[in-house]
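Engineer: Please find one structure pasted underneath; my questions will follow.
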Amino acid sequence: MTNPMKVPLLDLKKQYRRIRKEVQREVRKVLESQELILGPEVKRFEEEAAAFCRVSHAVGVASGTDALLISLMALDVGNGDRVVTSSYTFFATGGCISRLGAIPVFVDIEPRTCNLDPGRLEDLMKKLSGKNKRPKVLMPVHLYGQMADMAALMPIARRYGMGVVEDAAQAIGARETSSPAQRRGRESIAGAVGDLGCFSFYPTKNLGGVGEGGMVITGEAALAEKVRILRNHGMSPRYHHRMIGINSRLDALQAAVLRIKLRHLRRWTEERRENAARYRALFQEADLRPPRVSLPEERKGVYHIYNQFVVRAENRDALRDHLSKKGVGTEIYYPVPLHLQECYRGLGYREGDFPESERAARETLALPIFPELKECQQRYVVQAIEEFSSPRRAQRPQRKEFTITKSKK
């Protein structure tokens, strides 16, 4: 390969340059107002985020982790309760369960999407049919920006009397158009299907702040009010505590920046989807197919927002080393499934219990997918992978240019 270039996994500086003037103007307004915690700026962001997600209520909190924690608290999850979730996810999903003294019960994933497998969930619930073992909450994860199969998961949860908290930290704006809800004229929106939905505004997310931030959404007024109280030490009215909460209030500065970014989010998501389509065309052009490299699959009828573009390769670690030497940024989401984490040894899980989660941990690799990614950078990434997979074939001349048809918004 000639003319080596640097292709970072994510370049937030490019995004900031696109909105610098808007951000600086709104940040100055907040600083001049000195209303820095909650306040009118947070309220406006909550209203706009609720409208974006097509729900009645949105409550800003201090992080995506706190969104999960407070949602479980709102459903009265406590010591000894069982919460079912995926073994293949970021640690906060399981950690919030354990933090409340509850017991995480893990389920394996679908290999195509890396999301929780409804069939395996059904099998688990049949085994845990006794009242003493029946889980209290189901927490599906919409991993990488694609919704889990909520049309299949929700009936199982309701049949067994479980509350549902959606871990949509990576999936704001994701949706499904082929569910039973759509046949009634509505789309299923990530975070808006279960009892509560949780988002993260960590800077690397599609909607990222300038620090930590998170949100809980719900269609139930009573749950929304409970979340608002829990995020503020369980206080309502001031200095009167009906319950024990935590300090998890969203900063006004974060809300101001997030309000600006929310206005651009649909366009940025379309740019990510166009980059994903371009990757698929480039991989097809290079004839890179399994078992050398497998591309992420979209379930039929879903709108994937591509928080990550995750490929799979049997020799993943060697491929990652090769790409690093070529200046291509990558990341592994995630190298160790939760059931094999050291802190969960006491739960009794063993290697081999969840083979698909374990295989994903060995094979998955995230490539750059951010909106500002250039076509030449994507070509460079794919050519680097081609060089690793087929060194001789990778020496042939560059192919003709092509265009990507923009998907409908």
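The values are calculated or read from the model by the stated rules, or taken from the named source; none is laboratory data. Source: prediction; values computed, not measured. Here the Cβ positions follow ideal geometry from the backbone for every residue, glycine too, while neighbour counts run over all protein chains shown.
Engineer: Checking GLU271 against (1) assigned to a helix (DSSP H, G or I); (2) out of contact with any strand residue (DSSP E or B) (no Cβ under 6 Å at 6 or more places or on another chain); (3) assigned by TED's automatic domain parsing to the domain that holds VAL193, only one condition comes out false. Which one?
Structural biologist: Here GLU271 meets the rest and fails (3).
Engineer: Turning to a different aspect of this structure: Can you pull out the residues in region 299-332 that are of a type in the set (A, V, I, L, M), part of a loop (DSSP other than H, G, I, E, B) and more than 17 Å from LEU373 (Cβ to Cβ)?
Structural biologist: Result: ALA313, ILE332.
Engineer: While we're here: Looking only at region 326-343, count how many residues are surrounded by fewer than 16 Cβ atoms within 10 Å (Cβ to Cβ) and in contact with a helix residue (DSSP H, G or I) (Cβ under 9 Å, 6 or more places away or on another chain).
Structural biologist: 4
Engineer: Of the conditions (1) surrounded by fewer than 23 Cβ atoms within 10 Å (Cβ to Cβ); (2) in contact with a Pro (Cβ under 9 Å, 6 or more places away or on another chain), ILE97 clears all except one; give me its number.
Structural biologist: (1)
Engineer: Look through LEU288, LEU323 and report the one residue that is assigned by TED's automatic domain parsing to the domain that holds GLU375 and touching a Phe, Trp or Tyr at 6+ places or on another chain (Cβ under 8 Å).
Structural biologist: Checking each option against the conditions leaves just LEU323.
Engineer: So, in region 241-256, how many residues would count as being within 20 Å of the chain's Cα centre (by Cα) and either basic (Lys, Arg) or assigned to a helix (DSSP H, G or I) (or both)?
Structural biologist: Count: 2.
Engineer: Next question. What are the residue pairs meeting all of these: first residue in region 100-115, first residue in contact (Cβ under 8 Å) with a residue 24 or more places away in the chain and among the aromatic types (Phe, Trp, Tyr), second residue in a strand (DSSP E or B) and surrounded by fewer than 23 Cβ atoms within 10 Å (Cβ to Cβ), Cβ atoms under 8 Å, and 6 or more apart or on different chains?
Structural biologist: Between residues of region 100-115 that are in contact (Cβ under 8 Å) with a residue 24 or more places away in the chain and among the aromatic types (Phe, Trp, Tyr) and residues that are in a strand (DSSP E or B) and surrounded by fewer than 23 Cβ atoms within 10 Å (Cβ to Cβ), there is no close pair.
Engineer: Just to be sure before I move on: is PRO296 assigned to a loop (DSSP other than H, G, I, E, B), on the phi < 0 side of the Ramachandran plot and either at pLDDT 95 or above or buried (at least 16 other Cβ atoms within 10 Å of the Cβ) (or both) in the structure I sent?
Structural biologist: Considered against the rule, which asks whether it is assigned to a loop (DSSP other than H, G, I, E, B), on the phi < 0 side of the Ramachandran plot and either at pLDDT 95 or above or buried (at least 16 other Cβ atoms within 10 Å of the Cβ) (or both), PRO296 comes out as yes.
Engineer: Further, regarding this structure: Testing VAL27 on (1) touching a strand residue (DSSP E or B) at 6+ places or on another chain (Cβ under 9 Å); (2) in the same structural domain as ILE189 (by TED's automatic domain parsing); (3) β-branched (Val, Ile, Thr), one condition comes back false. Which one is that?
Structural biologist: (1)
Engineer: Quick one: in region 36-92, of everything that is among the hydroxyl-bearing types (Ser, Thr, Tyr) and part of a helix (DSSP H, G or I), which residue is nearest to GLY234 (Cα to Cα)?
Structural biologist: The residue in question is SER71.
Engineer: Surrounded by fewer than 21 Cβ atoms within 10 Å (Cβ to Cβ) and in contact with a strand residue (DSSP E or B) (Cβ under 9 Å, 6 or more places away or on another chain): which single residue out of ILE103, ILE70 fits that description?
Structural biologist: None of the other options fit; the residue is ILE103.
Engineer: Moving to a separate point now. Which ones in region 114-147 are at pLDDT 95 or above, part of a loop (DSSP other than H, G, I, E, B) and small (Gly, Ala, Ser)?
Structural biologist: Answer for region 114-147, where residues must be at pLDDT 95 or above, part of a loop (DSSP other than H, G, I, E, B) and small (Gly, Ala, Ser): there is none.
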